[in-house]
Amino acid sequence: MSLIIWGRLNSHNVKKVAWAAVEAGIDHERRDIGGKFGFTDAYLAMNPNRLIPTIEDDGFVLWESNAILRYLAAKYAPALWPDDLRARALADRWMDWQTSYAPAQFNAFWGIVRTAPADRDLAAIAASAATCGEKMAILDAALAEKPWLSGDSFRIGDIPMGVYAHTWFTLDIERPARPHVEAWYERLKARPGYADNVMIPLT
Ligand SMILES: N[C@@H](CCC(=O)N[C@@H](CS)C(=O)NCC(=O)O)C(=O)O
């Protein structure tokens, strides 16, 4: 097995990499670590951030999920990260946009999924949900123009927000209508790598 993906699958950032490995057709093994599984000294020697995911690809160690997506696509599936500079930049843009979106969704996710009902900060959850709804209007406008965030075909630019969109649609929160995001989510749900690695229980 040339590729090892380290990280529990119920992590947004691990989901990205596990899904990408399927899209890129890479034979791989995922090993649980982080969260309830804790960390080992051997893992922390590879990734001093105490975070997941990390990959080992024939001895090459890499962490930071979006950097991993770019590396895997470039090495194993170049069509998922095109040579054309502008097509690549447009896909990259949505990958970086996800790192701005994630903090907006954090309080809703953590408050509902990882916090006991009695301890929930309902105002923080509602505020987080409202901000997500506003940000999703930007995604909706982009997806009104093209079927994929990466353009005319699915590419790695769709993966980071694809993972966060599943959480958005699954959380018990108020969601404004975002019809183009919904149609894109339906297209994502038809992809086996998404169904198997992303659409798992949020817990
Ligand atoms: N920027 C990093 C963030 C990684 C990150 O925050 N991972 C979370 C899970 S989504 C984590 O490791 N949490 C601690 C844990 O699971 O023990 C990346 O994209 O890889």
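With just the Cα atoms defining each centre, how far is region 35-71 from region 151-203? Give it in Å.
Between the Cα centre of region 35-71 and that of region 151-203, the gap is 24 Å.
Taking the mean number of other Cβ atoms within 10 Å as a proxy for protection, how do you rank 175-184, 118-127, 153-162 from highest to lowest?
153-162, 175-184, 118-127
Can you tell me how much longer the chain between V22 and D83 gets when fully stretched, taken as 0.36 nm per residue apart minus their C-alpha distance, in nm with one decimal?
Fully extending the segment from V22 to D83 adds 19.9 nm.
Charges on Cβ only, +1 for Lys and Arg, -1 for Asp and Glu, centred on the Cα centroid of the chain; of G38, A116, H28, which one is farthest towards the dipole's positive end?
Most positive-ward Cα: A116.
Evaluated at 20 °C with a viscosity of 1.002 mPa s, what Stokes-Einstein diffusion coefficient in µm²/s does region 3-79 have when Rh comes from the Kirkwood expression over alpha-carbon pairs?
D, rounded to a whole number, is 175 µm²/s.
Can you tell me what the convex hull of the Cα atoms of the chain projects to on average, as an area in nm²?
If I average the Cα hull's projected area over directions, I get 11.3 nm².
Rounded to the nearest Å, what's the spacing between the alpha carbon centres of region 85-101 and region 13-32? Just the number, please.
Computed from Cα coordinates, the inter-centre distance equals 20 Å.
Place a +1 charge on the Cβ of each Lys and Arg in region 131-203 and a -1 charge on the Cβ of each Asp and Glu, then give the dipole magnitude about the Cα centre in debye, rounded to the nearest 20.
About 160 debye.
Size of the dipole of region 82-197 about the Cα centre, Lys and Arg at +1 and Asp and Glu at -1 on the beta carbon, nothing else charged, in debye to 20?
Charge dipole, region 82-197, about its Cα centre: 80 debye, nearest 20.
Dipole size in debye (nearest 20) for the chain around its Cα centre, Lys and Arg Cβ +1, Asp and Glu Cβ -1?
So the magnitude is around 180 debye.
Out of all DSSP beta bridges in the chain, what portion is antiparallel? Express it as a percent rounded to 5.
70 percent
Can you sort L44, L143, L62 from fewest to most other Cβ atoms within 10 Å of each residue's own Cβ?
So the ranking, lowest neighbour count to highest, is L44, L62, L143.
None of the figures in this text is laboratory data; all of them are computed from the coordinates on show. Predicted, not measured: the structure shown is a model, and the values here were computed from it. Every residue, glycine as well, gets a Cβ built from its backbone with ideal geometry; the counts of neighbours run over all protein chains shown.
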